[in-house]
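A short write-up of the structure that comes next.
The values are calculated or read from the model by the stated rules, or taken from the named source; none is laboratory data. Just so it is clear, the model here is predicted, and its values are computed rather than measured. We place every Cβ from the backbone using ideal geometry, glycine too, and count neighbours over all the protein chains shown.
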Amino acid sequence: MKINLSIIALSLLSLAACNSEKMSTTASKGNKMETSKMSNTHTLELKKGELFLVAIADQKEGKEALLQEYFGTIMPSAMKNGFTPLGQLHIDNIVKANNFTPNNFIGLFKWPNMTSVQAFMSDFTPEQLKELRIPIWNEFKAHMIALQEDKTFMIDESNLYEVKTLWTKDMVKTNSITENGGKVILNQPVAGYEDLKGNEAPNQILIIEWKDKKTADKFEKMNMLKSKKEEAFYTHFTLFQ
């Protein structure tokens, strides 16, 4: 059962954060990302009880001013309540997207806990947020993962990462990914989801590390996960700049 919470209300602010020098500076001080400058690898640490967000959007053209205005309105409350940007997965190829064409990157974020989310939402009603968002984005999809245990994974800026959301009755097994040259670094149920168009929520999200595009493409053609619907994107990681 999905968490009864307006996920967009707690994560649509995220893309606004990406264009702000102030957000970048705050994030570098406050997140749990350890970085090796020589190897460009990053260790992402998530704790039990935290809410991990994966956000992806199709931003309308020429809306940069509205984006900054939205940022100025929303972010003070979000940051006060512990909202933290962790990094971004730049979209290199749209593999499968069901007529969804995101035009930027996939943002990775977190909240400390549900209490912090509720505190943020006490400052803005869903109706107020929607009124601010609709002029900026054609579509925005927010996936929330509720951490049931501590989790640590490493991301290398030189590697290919596939972000895959699946619509299935049950969580699909991922053994075939490992057997075909991939490394599953995140495999979690989607605890909360919302998009601007009110579509059905996916039930599973994967982040897969591949050694190269050729290996990833070969696996995609095999169609071994058997999801009735799927969205998949090839990406590479960077910290927020």
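Brief remarks follow.
- Some residue of segment 143-156 being touching a helix residue (DSSP H, G or I) at 6+ places or on another chain (Cβ under 8 Å), in contact (Cβ under 8 Å) with a residue 12 or more places away in the chain and closer than 16 Å to residue 57 by Cα: yes
- Failed item, numbered, when residue 124 is tested on (1) modelled with pLDDT of 95 or more; (2) outside any strand (DSSP E or B): (1)
- Restricting segment 33-47 to residues that are among the charged types (D, E, K, R) and loosely packed, with under 14 Cβ neighbours inside 10 Å leaves a set whose member that is modelled with the lowest pLDDT is 37.
- Subset of segment 93-122 that is in contact (Cβ under 8 Å) with a residue 60 or more places away in the chain and exposed (fewer than 14 other Cβ atoms within 10 Å of the Cβ) - its residue that is farthest from the chain's Cα centre (by Cα): 98
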